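Just so you know, all these numbers are worked out from the coordinates, no wet-lab data involved. Keep in mind that this is a model prediction, so the values were computed, not measured. Note that each Cβ is placed from the backbone with ideal geometry, even for glycine, and that neighbours are counted across all protein chains shown.
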Amino acid sequence: MKRLLAVLVAICLVSTGCAGWQKQVGPVLSDAEAYVADAQQILYIAQVAANLFFLAKPSADAQAKVEKVLADAHLAVDTAIRTTHAAKEANAEQLDAAWADFQTAYRELVALMKDLGILGADGKFAVKRGTVSLPEPLALRHK
């Protein structure tokens, strides 16, 4: 099942990008699992973009700030994963708290990446060729 899910995710991301994630794979996963997979993918994109940015424009202080905020976002997603997998003991309040922490960390990450010039004001990465955007995570819709 995991292999099939990995193939479905790969096909979805290659063919439609993150925007098609919910429509194509969402029915296979619970909302929490879809939020986790989506958030992990978006944080990976942000990490790669930040790494490339700091290769071109080194700044140890700025890079440390981005890594701290990324770590906070990953921690919130990890908490959501543990809460989802421990569903017997978990409750909706715990999951809501984990996603609220992720939303805070993600918004802080986007603001920091805009301040540093990694993302433009429109949320698109500062790249020379093509346009790459940091998608809005599904978890930002979680209330």
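List every residue whose amide H lies under 5 Å from the amide H of Glu136, counting only residues 5 or more places away in sequence or on a different chain, with H placed 1.01 Å from N in the peptide plane.
Long-range HN contacts for Glu136: none found.
Taking all pairs of distinct Cα atoms, average 1/r, flip it, and tell me the Kirkwood hydrodynamic radius of the range 31-141 in Å to one decimal place.
14.5
When Lys and Arg each count +1 and Asp and Glu each count -1, what net charge do the other residues less than 14 Å away from Asp72, Cβ to Cβ, add up to?
Here the count lands on -1.
Calculate, in nm to one decimal, what Lys143 and Ser30 gain on full extension: separation in residues at 0.36 nm each, minus their alpha carbon distance.
39.1 nm
At 0.36 nm per residue, minus the direct Cα-Cα distance, what do Gln47 and Ala60 gain on full extension? Give it in nm, one decimal, please.
3.2 nm
Within the range 31-141, how many Lys pairs that are eight or more residues apart, or on different chains, come under 17 Å at the alpha-carbon?
Summing the qualifying lysine pairs gives 7.
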